[in-house]
Amino acid sequence: MTRARTADLIDTQARSCAELGSPLYAALLTRAAEDVRAGGPCADAVAPLEGAPGPAAVALRLLGAVHALVLLGHAPELAAHYARPGDPEAAWKPFRKAVAEHPEHVAAWMRRPPQTNEVGRANQLIAGLLTVLDDLGLPEPPPVRLLELGASAGLNLRADRFRIRAAAGGRESAWGWGDPGSPVVLDGAWRDGTPPPRIAAAAARVPALTVVERLGCDVGPLDPHDPADALALRAYLWPDLPRRAERLAGALALAREVPARVVRQGAADFLATTAPRPGTLTVVWHSVMRQYVPPAEWSRAEAELDRLGRAGRGPGAGWFAHLAFEPRRVGGVHRFVLTARLGDGPPEVLAEAHPWGLDARATEATALDD
C-alpha cells in the first residue's frame, strides 16, 4: 500500500462508521485521512503498515490505539469529547494531538490486529442453537457442548447466560429469552418485535440450556480476566455507541462467574481434534471471523466440519450442529446472515441482522451464492 492508498482505506472506513451509526469516528477518520495525505502525525502512525498486503484494518488499529490512551487517562482533552460526543469535528484537534504526543504507544497498538468480542452477535448464535435443538424433535433437549472458532476472549461462550429481548430502549417486551437477571441484556434483538415464527417457537420449547462444555480457539486469544486484554476489548469499541460498552462490561462480569477456555490454535487444527460426544449436541459456532482465516485453512476447516456432520447422527454417537453468523452473498446481495446446519444436512439461512447481531429479521433467501 502507498500512502495515498492507505488514506483511501481510512476514508472507506469513515464511510462505514457513518453507516453504522458513529458520526464521531466518521468525522475523525475523514480528518485522519486528510492528515495522512498531508504527512501529519497520522501519516507517521500508519507508515509501518503502508507495505502490508491487503487493507490490514489500518483505521481500526489507529482508532483503538487512541481510544486506549483515553481509557488509560493519557488524553484528557480528547476524553471529554469521547464521554459526550456532541461535536465530532471538535474532537479532531485533541485526537491529532494524542497521536503526535504518544508515538510509542500508537506504534505498539498499530502492530496488533484489532480484536473485538461483540456479544450482540450472540443473539443470532442463540437463535440458531435453539432452532437446531428444536429440530432434533426430542422430548427434552440434550446437553450442549459449545465450541467456538475465533472466540477472542470467549465472551460468547457464555451466551446461554445472556438476556435477549425484542424491545429497545431498556423496556421489557412480550418476547424475551434467557435469564432476566443477566448482566448482559441484548435489547432490540428483532426488528419486528419478535423473532420469526420458527425461532420464536423454538425459544418457547427450549426456555433454557444445559451447557456442559465451553471451549474455543483463536490464533490470538484474549483473557477477559487480564486487565490489559480487557482494555483491548474496550479500546476497539466506538465511544459514541455506549450500548456496546454496556454489553461488554456485563459480559466481562459474567466471565468472572462462568468458566470457559480458549486455546491458542487455528480453526482447522482445533476442529481436527474434535469429535461428537454420545448423548450431547456438539455445536461449533462462529461470528464474523471467516474473512480472517486464510483460504487454504478454511478449506481444511470445512472438511473437518463435514466430517463432524457425518459423525453426529444420533444418541449413540451424539449430535452435531454448525452455526455461523457471517457476511455472505445471498440472492446477489451482501448481507450478514445466520446459517444453521444440523448433522450432514445442507446449511440453511435463518435470519439476517446488523453486523453486531441485533435488529435482526427473517430472510426469505434460502440459497447461498458461495
Seminar exercise, completed: Within segment 211-221, restricting to residues that are among the hydrophobic types (A, V, I, L, M, F, W, C) and either outside any strand (DSSP E or B) or more than 18 Å from GLN124 (Cα to Cα) (or both), the one that is most open to solvent (accessible area, probe 1.4 Å) is VAL219
Exercise. Considering GLY176, GLY193, which residue is open to solvent by less than 60 Å² (accessible area, probe 1.4 Å), without any contact (Cβ under 8 Å) to a residue 40 or more places away in the chain and touching a Lys or Arg at 6+ places or on another chain (Cβ under 6 Å)?
Worked result: GLY176
Exercise. Somewhere in segment 321-328, is a residue under 17 Å from the mean Cα position of the chain (by Cα), buried (at least 18 other Cβ atoms within 10 Å of the Cβ), small (Gly, Ala, Ser) and part of a strand (DSSP E or B)?
Worked result: yes
For this session: Return yes or no: is ALA208 surrounded by fewer than 22 Cβ atoms within 10 Å (Cβ to Cβ) and modelled with pLDDT under 95?
Result: yes
Seminar exercise, completed: For segment 280-316 the number of residues that are small (Gly, Ala, Ser) and touching a helix residue (DSSP H, G or I) at 6+ places or on another chain (Cβ under 6 Å) is 2
Exercise. Which condition number in (1) open to solvent by less than 40 Å² (accessible area, probe 1.4 Å); (2) under 23 Å from the mean Cα position of the chain (by Cα); (3) modelled with pLDDT of 95 or more; (4) of a type outside the set (Asp, Glu) is the one that ALA56 fails?
Worked result: (3)
For this session: Being free of Cβ contacts under 8 Å to residues at least 40 places away in the same chain, in contact with a Phe, Trp or Tyr (Cβ under 8 Å, 6 or more places away or on another chain) and farther than 20 Å from GLY345 by Cβ narrows it down to one of ALA296, ALA268, ALA245, ALA272, so name that one.
Result: ALA268
Problem set entry | Top-ranked residue in segment 329-351 [being open to solvent by 20 Å² or more (accessible area, probe 1.4 Å) and in a strand (DSSP E or B); ranked as modelled with the lowest pLDDT] | VAL333
For this session: Give me a count of the residues in segment 104-135 that are modelled with pLDDT of 95 or more, surrounded by fewer than 17 Cβ atoms within 10 Å (Cβ to Cβ) and in contact with a Pro (Cβ under 8 Å, 6 or more places away or on another chain).
Result: 1
For this session: With respect to ALA43, determine if the residue is touching a residue at least 12 places away in the same chain (Cβ under 8 Å), assigned to a helix (DSSP H, G or I) and open to solvent by less than 40 Å² (accessible area, probe 1.4 Å).
Result: yes
Problem set entry | Selection from segment 273-301 of residues that are part of a helix (DSSP H, G or I), open to solvent by less than 80 Å² (accessible area, probe 1.4 Å) and not polar (S, T, N, Q) | ARG290, ALA296, GLU297, TRP298, ALA301
For this session: Hey, could you check segment 16-38 for residues that are part of a helix (DSSP H, G or I) and out of contact with any helix residue (DSSP H, G or I) (no Cβ under 7 Å at 6 or more places or on another chain) and say which is farthest from PRO94 (Cα to Cα)?
Result: GLU19
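Listed residues ALA353, ALA301, ALA340; which is in contact with a Pro (Cβ under 9 Å, 6 or more places away or on another chain) and in contact (Cβ under 8 Å) with a residue 24 or more places away in the chain?
Only one candidate qualifies: ALA340.
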Problem set entry | Verdict on ALA91 being out of contact with any Ser or Thr (no Cβ under 6 Å at 6 or more places or on another chain), modelled with pLDDT under 95 and either of a type in the set (A, V, I, L, M) or open to solvent by less than 60 Å² (accessible area, probe 1.4 Å) (or both) | no
Problem set entry | From the options GLU50, GLU77, residue that is loosely packed, with under 15 Cβ neighbours inside 10 Å and among the charged types (D, E, K, R) | GLU77
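The values are calculated or read from the model by the stated rules, or taken from the named source; none is laboratory data. These numbers come from a predicted model, not from an experiment. Cβ atoms come from the backbone with ideal geometry, glycine included; neighbour counts cover every protein chain shown. Remember, those area values only see protein heavy atoms, side chains included, never the ligands or the DNA or RNA. Shrake-Rupley method; radii C 1.70, N 1.55, O 1.52, S 1.80 Å.
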